[in-house]
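Have a look at the structure below, then the notes.
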Amino acid sequence: MRYFIVGMLMVFIVACSPVARDVAVVPLEVVDSSLPVNTEIVEEVEIESDADAAAEIVEDLPVVDVASKLWMRHRFTDIRTGDTFSIDDFAGETVLFESFAVWCPKCTKQQHVFKEMEGDVIHISLDTDPNEDVAVVRDHITRNGFDWYYAISPAEVTKDLIDYFGITIVNAPAIPVVMVCSDGEARMLPNGHKDIEELEKEIGLGC
């Protein structure tokens, strides 16, 4: 009886302490008082469990082969020349291709930066707005004096781009630009306007 009373007093004192307010209450019947509680061991086990879970998630992610993607293989028709091309045609070179819309003034501003760039970078502008057609894009090219590859993105290619890069790829005001590196890898550049210095820096970083 004496031990029971002492035990209850200890529970009452601990429960009333400031520390106890932040600690979960554990029923006495599940605690072996003969064993010390090592909080460091508990924390370590939790960390290891999180790391294991993260590793499993990474292992479950599909490995995507860029070269197998439709947006790489599809043969577009260049609006300026009528010739057909695919991004695959430029294997071994650095390609900057943008998803744009004629109605987007930020896109036009970015294209004027492309116009000023020098070097061997291939530029491709892909109109992903389903409401714009060849005539609208051709007028845009002529008015601004642009002289690189321009094409309309078919619905299936646009969907493939979204599947690979996310919905931002068709958000024209975000000025989405993708860099395909000479090794065949690809990545999206940071959103927003990019001047020549920023583009050259990104090209230098590679994929």
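Where a number appears in this text, it was derived from the coordinates with a stated rule and is not lab data. Computed from a prediction, not measured in an experiment: that's the story for all the values here. With ideal geometry, Cβ positions are generated from the backbone for all residues, glycine too; neighbour counts draw on all protein chains shown.
Using Cα positions and a limit of under 24 Å, work out the lysines in reach of Lys106, with same-chain residues fewer than 8 apart set aside.
Lys115, Lys159, Lys194, Lys201
Explain nothing, just compute: Karplus ³J(HN,Hα) = 6.51 cos²θ - 1.76 cosθ + 1.60, θ = phi - 60°, for every residue of region 70-86 in order, whole Hz, x for Gly and Pro.
Computed from phi, the couplings for region 70-86 are 4, 5, 7, 8, 4, 8, 8, 9, 5, 5, 6, 10, x, 6, 9, 7, 9 Hz.
Want the number for Glu198 to Glu118: 0.36 nm per residue separation, take away the alpha-carbon distance, what's left?
Working: separation 80, 0.36 × 80 = 28.80 nm, distance 1.36 nm.
Length difference between fully extended and current span is 27.4 nm.
With a Cα-only, solvent-free Debye model of region 138-207, what are the log10 I(q)/I(0) values at q = 0.18, 0.20, 0.24 Å⁻¹?
Values returned for q = 0.18, 0.20, 0.24 Å⁻¹ are -0.91, -1.09, -1.28.
Show me, bin by bin at 5 Å from 0, the whole-percent P(r) of region 58-189 based on Cα pairs.
Pairs per bin, as whole percents: 2, 10, 21, 25, 22, 12, 4, 2, 1, 0.
Collect residues whose amide H, placed 1.01 Å from N in the peptide plane, falls under 5 Å from the amide H of Ile124; neighbours closer than 5 in sequence don't count.
Placed amide hydrogens put Leu96, Phe97, Glu98 under 5 Å from Ile124.
Hey, rough spin-label estimate for Asp147 and Asn171, points 7 angstrom out along Cα→Cβ, what's it come to in nanometres?
That separation, rounded to one decimal, is 3.5 nm.
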